[in-house]
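As structure tokens, the structure follows; a few thoughts come after it.
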Amino acid sequence: MRLDRTALALSLAIFSLGCSAAMEGAPGEREQGVGPATEADEVEEGDEADEADVEAVGRTPLPIVLLHGAAGFDRIGPLDYYFRVADDLVDAGHDVFTTEVSPLQTIDVRAGQLAEQIDAILDETDAGRVHLIAHSQGGLDARFLVSSLGYGDRVATLTTISTPHRGSRVADIALGIIPGPIENTLGFLIDLLVGAVDGTEQDVVDQLYQLTEEYQVNTFDPANPDDPRVEYYSVAGVTQLNPFANPFENDLCDPLLVAGFALLHGTGANDGLVTVESAQRGVLLGTMPADHLDEVGQLFGTTGLGFDHREFYLDLAAFVTDPDAPSPL
């Protein structure tokens, strides 16, 4: 396998949204100022549920858990991964938790860490299940949690935001699985990034391989089918490069993602890293004019004029906790 260090560095930089440093707060920590915990019918561990049970349990008031993507973080100082989203959800009366898993690790390792945090959240809240909202690789961690670790009885809904369910071609190019146009001129970036997030180059390679189209389609997806006890929703981002396009209807791709967008040329609408086709899982709620950074309000809350990420997550939280609420898109 030929390793294109430039594409590898690019992939890590895009997936990471920035380099992790010392993080504040314990993993799975409840956000401050949450409203009163809500009650819901509990489903005992190990109980089998039919589709009628799924419908009854799914969109009900339950704790909301936010999952970050690859090389992501809960919070670095004042910067949280979902920029100011948790605070907004708390103010709206939701019971909100953010999780933190190893930034440079494989899906199975991250899912195992996530499982411990979900257990702690369920113990703290006395809730039978939780709603998971996951960005990018976080959605794959959640799927492994449900399907391979058996947490389908503890997850009511899983909503994935631009998760590469069918992989990302950017990762395939980075690892030389398919040819790509990037020349090996910025390989030093990988050393910088790997050092910043406390991992090795092999950690990056192992993690990125699991984000390839090859791995997701041929290995991960068959091994992690949807659990009928969980309601699956997905959202995809769409960006573009025309600076003259209507800014209230179209997102202008962030410069950090232009190279990724170019690598995906000809593969369909995408957010600079993940195509709409790859992002679909379960019920596709719609697409939003946002690139992979805008989807979580990065950097520092800056998004296009046509997308308010904070309003989107408020609407999404209302949707998953209220069966009468409209789709957020």
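For region 82-150, a Kirkwood hydrodynamic radius built from all Cα pairs, placed in the Stokes-Einstein relation at 25 °C and 0.890 mPa s, yields a translational diffusion coefficient of 190 µm²/s. What net charge do the residues around PHE261 carry, taking every other residue with its C-beta under 12 Å from that of PHE261, with Lys and Arg at +1 and Asp and Glu at -1? Counting the neighbours of PHE261, the net charge comes to -3. May I ask you to list the chymotrypsin sites (Phe, Trp or Tyr not before Pro) in region 233-285 that are in a DSSP loop and have at most 13 other Cβ atoms within 10 Å of their Cβ? Here the chymotrypsin sites (Phe, Trp or Tyr not before Pro) that fit, given the DSSP loop and packing criteria, are PHE244, PHE248. In this structure, the amide hydrogen of TYR233, modeled 1.01 Å from its nitrogen in the peptide plane, lies closer than 5 angstrom to those of LEU158, THR159, THR160, VAL283, counting only residues at least 5 positions away or on a different chain.
Can you give the net charge of the other residues whose Cβ lies under 11 Å from the Cβ of GLY69, counting K and R as +1 and D and E as -1?
Taking every Cβ under 11 Å from that of GLY69, the sum is -1.
Can you work out D for region 195-329 in µm² s⁻¹ from Stokes-Einstein, where Rh is the Kirkwood radius over C-alpha pairs, the temperature is 10 °C and the viscosity is 1.306 mPa s? For the chosen part, D equals 95 µm²/s.
Compute the signed sum of charges (Lys and Arg +1, Asp and Glu -1) over the other residues within less than 13 Å, Cβ to Cβ, of SER162. Write out the running numbers ahead of the final one.
Numbers: positive: ARG166, ARG281; negative: ASP251, ASP271, GLU277, ASP291, ASP294, GLU295.
Once positives and negatives cancel, what remains is -4.
Rounded to the nearest Hz, the phi-derived 3J(HN,Hα) couplings of region 151-158 under the Karplus curve 6.51 cos²θ - 1.76 cosθ + 1.60 (θ = phi - 60°) are 9, x, 7, 10, 10, 7, 9, 10, where x marks glycine and proline.
Amide H contacts under 5 Å for MET288: ALA236, GLY237, VAL238, restricted to partners 5 or more places along the chain or on a different chain, H placed in the peptide plane at 1.01 Å from N.
When each of ASP291, ASP87 is scored by the number of other beta-carbon atoms lying within 10 Å, the sequence from fewest to most is ASP87, ASP291.
Throughout, read-outs are computed from the coordinates displayed, never taken from laboratory work. This one's a predicted model, so the numbers in the text were calculated from it and none came from an experiment. Methodologically, a virtual Cβ is constructed for each residue, glycine included, from the backbone with ideal geometry; neighbour enumeration extends over all protein chains shown.
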